[in-house]
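Novice: What follows is a structure written as structure tokens; I'll ask about it next.
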Amino acid sequence: MGIIAACGLLACDARFADLRPADATGTLPEDAGAPLEADAGRPGQDAGSPADGGPGLDAGPPLDASPPLDASAPAPVLVGSFEGRGGYDAAGSVTLAPAEGGGLLLTLSDDFASAAVPGPALVVTSRDRLGTALTDADTLVTRLGADMIRGPGTFSVPLAAPPEPAWVFVYCEPFGVETARARLEPR
Amino acid sequence: MRRLPSTTAAALAVAVLASSLAAPTRAEAQAWIREPGSAFASLAYRVIRADRFYAPDGDTLPINDFRQHTLALYGEVGLVDRWLMATLDGELLRRSVLVDQGATTGLGDLRLGLWTGLLEAPFRLSLGLQVGLPTGDPSPEADGDPLSQTTADLLPTGDGEVDVALKLAAGHGFGWRRVQQFVQAELGYVLRTTPRDTPASLPPPTDIRDQLAYRAETGLRIDRPFLERFWWIVRVAGLLVVQDRGADTSSGAPRIAGLGDGVEYLSIGVEVLAELGAGFGLSFGVDGAAYARNVPAAPAWKLGLTWQR
């Protein structure tokens, strides 16, 4: 322990430089990302609610350009199982269901687990692969914190209806790498 | 079996002994314990430009453009004739860049070593103990939005842990006609420990799995005017994880910088060392991976300045 402490004294903090173009602020909408009150018990997370602007179910038009299946009909409940991508492990399932009052809820199962890469993002899309960059066809739901890569979770999705076809990805956005994927189909 | 005349046998023995004392004077050569006061140092700039990455399963994945620049220092100094030599190996500067996203710059990790000679003939054999010090930053901080912090988390400048490596190095130098040649091989076990810190966006640190480190190298020099200034070197080197952790989805934190748990590679490299005079030399080389996990998938180019006394 003494050696580690001494090395800590020798160690130097790295300096970070933000190299993003001035007009780029990331693809996560400000109103997305907070887990719903149902997940208030998860450690380290602030539960969001429509009242505090968290989920943003009523925050303007959907971000996803994919056409809904049928805007007048209730969205079906879709389910899928995660598979690892690119050598990363993943487990568990995901459900995309209509939310009370409109919009969609994305629910991760109790046995959900994904690889421990920094800041993995949950993405709903009609594309079967994301490549190295998100597009207008993709909806970034939230970034999973360190305590969120395992276990259940429920998140609002700022879409009126699921895309067709519907996929959910766990995605490392800066890196541009998919770590998990689930194809959603009607239950 | 016909026995060699005793004079011939003695001459051969002397030749073998003398040749085994020859060393690649301008390369990393831990098998040869330097005499007290003798020293070698190199300062090398290394660059990697990658748009692919060796994933945990060994396949390559496309990634956003990545650059890594390092300024690496290596030094050897003899302490006790035949018995003790000290080495220093580390990155004085490590800059990792995700193009159009973010970059980290800082001191990398350092490694101190002590080597002792076990054999001088019929070949050189030495035993080394190296301690890796976590002088780099395993969890750089970004003063910005969460995406900036995520980018910073991907680009540590150090692995954050003390590691200890026990290595055996064997080497032999010999000559035939107008060619001088050396071969050396190194095998070591690297005991990895638990990082003192990981980024907040990752689970708490766990042990990094131990590794086997290996290297085999050969070089030659032609004893002709002008050509005698150059050593031509070919090497293979690698790291191999020796513990299987199975399909634990929270194990490790594979990151683009090639640090941390689960890093493996088998690299093949070539290098030319040129003597400039007055103890100085220039080196130029490139290493590429034949197989790897959790490192950028691109060649590493190196330009170095060497000095020897």
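Novice: Quick one: would you say A:PHE82 is aromatic (Phe, Trp, Tyr), closer than 24 Å to B:THR151 by Cα and modelled with pLDDT of 90 or more?
Specialist: Taking the combined requirement at face value, the residue does not satisfy it.
Novice: Could you list all residues from the range A:74-101 that are touching a residue at least 40 places away in the same chain (Cβ under 8 Å), farther than 20 Å from A:PRO165 by Cα and over 16 Å from the mean Cα position of the chain (by Cα)?
Specialist: Of everything in the range A:74-101, those that are touching a residue at least 40 places away in the same chain (Cβ under 8 Å), farther than 20 Å from A:PRO165 by Cα and over 16 Å from the mean Cα position of the chain (by Cα) turn out to be A:GLY86, A:TYR88, A:GLY101.
Novice: Looking only at the range B:70-77, decide whether some residue is in contact with a Ser or Thr (Cβ under 8 Å, 6 or more places away or on another chain) and within 14 Å of chain A (Cβ to nearest Cβ).
Specialist: No, that holds for no residue.
Novice: Could you grab the pairs with beta carbons closer than 8 Å, sequence gap of 6+ or different chains, first residue in the range A:106-120 and under 17 Å from B:PRO204 (Cβ atoms) and more than 7 Å from chain B (Cβ to nearest Cβ), second one among the charged types (D, E, K, R) and assigned to a strand (DSSP E or B)?
Specialist: Here the result reads A:PRO120/A:ARG143, each pair linking the range A:106-120 to a residue that is among the charged types (D, E, K, R) and assigned to a strand (DSSP E or B).
Novice: Say whether the condition of being over 14 Å from the mean Cα position of the chain (by Cα) and surrounded by fewer than 23 Cβ atoms within 10 Å (Cβ to Cβ) is met by at least one residue in the range A:136-144.
Specialist: yes
Novice: Can you tell me which residues in the range B:196-240 are out of contact with any Lys or Arg (no Cβ under 7 Å at 6 or more places or on another chain), among the basic types (Lys, Arg) and not in a strand (DSSP E or B)?
Specialist: Within the range B:196-240, B:ARG196, B:ARG229 meet the criteria.
Novice: Output the residues belonging to the range B:87-124 that are more than 14 Å from chain A (Cβ to nearest Cβ) and either of a type in the set (Phe, Trp, Tyr) or buried (at least 17 other Cβ atoms within 10 Å of the Cβ) (or both).
Specialist: Residues satisfying the conditions are B:THR87, B:ASP89, B:GLY113, B:TRP115, B:GLY117, B:PHE123, B:ARG124.
Novice: Quick test of your reading of the structure: B:SER148 fulfils all but one of (1) part of a loop (DSSP other than H, G, I, E, B); (2) closer than 21 Å to A:GLY119 by Cα; (3) not β-branched (Val, Ile, Thr). Name the failing condition by number.
Specialist: Going through (1) part of a loop (DSSP other than H, G, I, E, B); (2) closer than 21 Å to A:GLY119 by Cα; (3) not β-branched (Val, Ile, Thr) one by one, B:SER148 breaks only (1).
The values are calculated or read from the model by the stated rules, or taken from the named source; none is laboratory data. Not measured: the values here are computed from a predicted model. A quick note on method: Cβ atoms are made from the backbone with ideal geometry, for glycine too, and the neighbour counts reach across all protein chains shown.
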